[in-house]
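Q: Have a look at this one before I ask anything.
The values are calculated or read from the model by the stated rules, or taken from the named source; none is laboratory data. Everything quoted here is computed from the prediction, not taken from an experiment. So basically every Cβ, Gly included, is an ideal-geometry build from the backbone, and we count neighbours across all protein chains shown.
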C-alpha cells in the first residue's frame, strides 16, 4: 500500500498557458470541488510535492525550469499534463519558440486534454495518476 | 524503585500520547477551517496520513548539515513537553523551548536557500515577539503562587487565572504565533496557505518535513498546556474545566485564523509587545497592590 | 602573604617595562608569553593561598611608605603626560579633569590624611570575591595576553599604514593587568584610586594605538569620560576622609546607609557607572572598537569594565533599597534594554559585541543595585560567565577579521569554508551568552527570580523585553555562522598562540556549565553568608541542575552521533529552490534578459524601529541621576 493515495500534494507549474487551464486548476481548490477532502494540497514547492501539474506548452525559455522542478521533487512522483497545450503544444505547437508538450522535457504519466480542461477532468486525471503510481510501485516490487 | 518505574512509564506515555492528541487537533483544525469556508474538508486523520506519506518518500537534501537541526529541535520540544506535563520548572521549560525553536531557525539558515533564509528571519522575529509574554506568564505565575513548578501552581486553592486574567489574555494573543495561525503566520503556515513559498520549511522534504510536522504537534500540546496551568487548581473537577478551556482556546484560534488576514512584521511585533507590556504591567501592578493589603 | 599580592601587581609591571625596553622581536614575544603565564600562575597561586587560609598580616610599614611615595611620583608623571598629550591633540577637557584631580588628591594625601591621622588597618582584602576577580583578571587576561603575541604579528602585516609599536602595546597590556589585580585586592581607597587611574590611562593608550584621527578622538573620549568618573571617585575619597574619617573601603561599607554615607556611595557608583560604560556614558566603549582586537577583548571582558562592576559589588551593602541602590538598579535596567535593542541594528561584529557587553553589564549592575543575596549570586556568576564567553567571542572575531578581512556579520556565512574551528569557537561563545544550559542563562534565571522576590516589577518587564532582543541579535548571527555558502576563500595562517588561547577559552566556557554548582557552593555562597550573616541558598535547585546537565550532554552528544550519517550522506542531493531558475551552484539564478545574478541575503537590522532608542536611554538615565543627586544634597542639608 502506498500512502500517497491518501495525501497527494501537488505542485502547479504554469508553462506558457493562456491561463485558462490555471484558473480551472485553482477552481479545484474552491468549495465547489474542494480537492482538499482527498487530502490534496497545493504546496507551491517542489520539495514537498508528489504530483506535478503542468499547464501550457514547454518552450525554449522554460524547459530547463520544468526539468529542474521535476528533479527537485522527491520520489515517488507523478506528472500530469493539464490541457491540450501541455499534452501536445496545442494551438501554439507551430510557434517558433515552442518545443511541444511537456513530454518533450520530462516523462508524463497522465494527459488531461481540453481547452480549457474541466475541473472534473483534472481531478479525474490526478486520481488516475495515483492509480498508475500504485501499479508502478507494484511492478517495481515484483 | 517503583517510583522511578512509574515515572519512566509516565514519560513514555507523554511522549507517545501528546503527538497523537496534537495530530488529532491538527486534523480537527483542518476540518473546522474547511467547514468555516463552506467546504467538506479532509478526514480528521489527514495529518497522520500526511506524515505517514512523508516518512515513505525519498530523502533529498541540499547540503550535508541543515537536516540535523530539525531533529535537535524535535528533541528539545519533547523535552519541554515532558518537563511541563511532569510538573517541572516552568522557567526551565521555557528556556528549553527557546533552544528547540532556535534549532529550527538555524535549520532554515543552514540550508542557505533564499526562501528558507527569509522564513528563518521571520520565525526569529516571531520568537522575539512572543518571548516576553511567555516569560511574563512564568513570572506572573511565580509571583502569584511562589513557585515556578507546574505541580505547585496547579495544586493551589484557586485557579491562577483569577489573579492573572490580563496576563492570560496576553498569552492567548501570542498563542496565535505559537500555533502558526493568521494574522501571525509570517514564517510558515498551514494547509494550503502559502507565504514566500513555504517559508522556513522550503528546503525540507520527506522525513524531515514529517519531523517538523510532529514537532508542531508537540508544540501545540505545549502551548495549550499553558492554558491548562492557568485554569487547573486543587479540585479534581477543575482539570476537566482546564481541558475544556484548552479546547476552547484552540477553537478560538481557528476562528481567528479564518477571520484574519496576515499582518506585516511591524504590526505583529509592535502589537505583541504592546499587548504584553500593557496587560502584563497592569496585571503585575494590581497583583502587587493586592498582596500589600 | 601580602608580598604575593604585591608581586602579582608588580611583576606584570616589571615585565611591561622590560617589554618596553627590549626591541628584539623574539625576546619580546617570549617575554610577553612569560608575562601571560606569569599572570595566570600568580592568580592561581593567590587563590590557593586563600584556600589554605594563610593570608594574615600586613606588609612592613616601610614598604607602604615607599609605595605611597612612588604613587605620588607616578601620579604627577601621569598627569603631566595627559596634559601634554591633551594640548598636543587640542583636547582640553581631559587635561582639565587631571588638573583638578591632581592637586585635590595631593592635598588630601599630604594634608588631610596626616592631620586627621587616618590609619589603614587592612591594606588588602582577600575574600572570595577578590579571589574570583583575581582569577578572572589573571586567567582571562593572561590568555588574552598570550593571544596578543600571535595577533599582533599579522596585524602589522595587514595594516602596513600603522606604525609598529609592539613593545609599547605589550607593555601597556601587562601594566593594565597589574593595575587591575591591584584594584581588586587593595582596601585603601587611595591605592584603589591609583589603580583606577592607571586602568583609565592604559585604556586610553590602547585605544589610541593606531594614531589615526578616529583612534585619537575615541581614545580621548574614553579618557575624558573615565577621568570624569575618576573625579567623582576622588571627590568621594575626600568626602570619606573629611566627613567619615576613613579611607578604607571595608570600613565605609560597614557603616549604616545614612544620608552622609550615601554621598560617597553615590560618587563611587557614578565612577563605577562610567567605567562600566552604562548609559549615558556608553559612548567610550563603542569608540574603543578602533583598537586592535586584544585590547577590546581586555577592555570588555576581564578588566576595565569589570573594575566598575567590582567596585559596585563591594559597595552593595550601601545599595539595595536606598536611593542610590534604586537609581543604580534603574540605570542598569535601562542600559540592558536599550543596549540590547541597539545591538539588533548593528552589522559590525565588534559593535554587536560592544553593545552586548554594555547590556550585560547593565544586567549585572541591576542585580547589584537590588543587592539581595539571590541578586548578588546572579551578579557574581554573570561577571564570571560574561568574562569568559565575551573574551572568547572577541578573540574569535579578531581571528575572523584576519581570515575574511571583514568583521561584518553578513560576511560570516563564508566562514565555514575558511575555518571550521573558528565557527565552532564562535558558536560556543554565542551559546554561552544566551542559551539555556550555558552560563549566562543560569545567572539570568537567578536574576529573574531575584527581581520578582524583591518586588522590582519595572525591572522584570525590562528583563523580559531585553531577553527577547538578546535572543534575536545572537540568533541571527548564529544563523550566518551555520549557513554553508559554499564559497571557497583563501585560508590564512592561524597562529599557535591564538589557537591555544581560543581553545582554552572554549573549554572554560563549556566547563563552566558543569562547574558552576561547585563554584556556587564553595565560593559564592560562603561569600554571601559572610556578607549577610545568614546562610544563603543557591537560587537554582539541585533537580534543575541535573536537568540542565542532561540538556548539555544532549547538545554535546548529538553532533557527535550525527557525524557518521553525514559522512555516508543518505539521500539524493538536489539544488536549493529558486523557482526553478537555480543556475546550479546554489548561489546564483537566471534573471530576466539572460543575466545571471547572485543571491545575497543580509540580516535584519530594523534601524528605523530601534535606531533612536539610545537617545531615550540617555535621557532617562541622565534625568534619574540628576534626580538622585538632588535628593542626596537635600538629604544632607536637612
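Q: Picking from A:66, A:35, which residue would you name as being crowded, with 18+ Cβ neighbours inside 10 Å, modelled with pLDDT of 90 or more and within 22 Å of residue A:9 (Cα to Cα)?
A: It is A:66.
Q: For segment C:626-634, does any single residue satisfy the condition of being buried (at least 18 other Cβ atoms within 10 Å of the Cβ) and without any contact (Cβ under 8 Å) to a residue 60 or more places away in the chain?
A: no
Q: So which pairs qualify, if the first residue must be in segment A:123-139 and over 18 Å from residue A:21 (Cβ atoms), the second must be part of a helix (DSSP H, G or I), the Cβ gap must be under 7 Å, and the two must be at least 6 apart or on different chains?
A: Partner pairs satisfying both residue conditions: A:130/A:4; A:130/A:5; A:133/A:4.
Q: Say whether the condition of being assigned to a helix (DSSP H, G or I), within 11 Å of another protein chain (Cβ to nearest Cβ) and either within 30 Å of residue B:267 (Cα to Cα) or within 28 Å of the chain's Cα centre (by Cα) (or both) is met by at least one residue in segment C:592-608.
A: yes
Q: So residue A:80 fits all but one of (1) within 28 Å of residue B:47 (Cβ to Cβ); (2) at pLDDT below 90; what number is the exception?
A: (2)
Q: For segment C:286-306, which positions are crowded, with 24+ Cβ neighbours inside 10 Å and either under 22 Å from residue C:159 (Cβ atoms) or over 15 Å from the mean Cα position of the chain (by Cα) (or both)?
A: Listed by number, the residues that qualify are C:288, C:291, C:293, C:294, C:295, C:296, C:297, C:298, C:299, C:300.
Q: On to the next question. Does residue B:238 qualify as being more than 20 Å from the chain's Cα centre (by Cα), outside any loop (DSSP other than H, G, I, E, B) and within 10 Å of another protein chain (Cβ to nearest Cβ)?
A: no
Q: Of the numbered conditions (1) more than 18 Å from the chain's Cα centre (by Cα); (2) buried (at least 24 other Cβ atoms within 10 Å of the Cβ); (3) over 30 Å from residue C:535 (Cβ atoms), residue C:390 satisfies every one except a single condition; which is it?
A: Status for residue C:390: all satisfied but (1).
Q: Okay, next question. Looking only at helices (runs of 4 or more DSSP H) that lie completely in segment C:422-540, which have at least 3 residues being farther than 30 Å from residue B:122 by Cα?
A: C:439-453, C:496-519, C:525-532
Q: Something else: Could you check segment A:1-117 for helices (runs of 4 or more DSSP H) lying wholly inside it with 3 or more residues that are under 22 Å from residue B:53 (Cβ atoms) and within 14 Å of chain C (Cβ to nearest Cβ)?
A: So the answer is A:63-72.
Q: Continuing with this model, one more query. Name the residue, out of C:359, C:354, C:343, C:339, that is under 15 Å from residue C:443 (Cβ atoms), modelled with pLDDT of 90 or more and either in a helix (DSSP H, G or I) or touching a strand residue (DSSP E or B) at 6+ places or on another chain (Cβ under 7 Å) (or both).
A: C:359
Q: Right, here's the next one. Of the residues C:443, C:535, which is more than 8 Å from chain B (Cβ to nearest Cβ), surrounded by fewer than 16 Cβ atoms within 10 Å (Cβ to Cβ) and either modelled with pLDDT under 85 or under 26 Å from residue C:358 (Cβ atoms) (or both)?
A: The match here is C:535.
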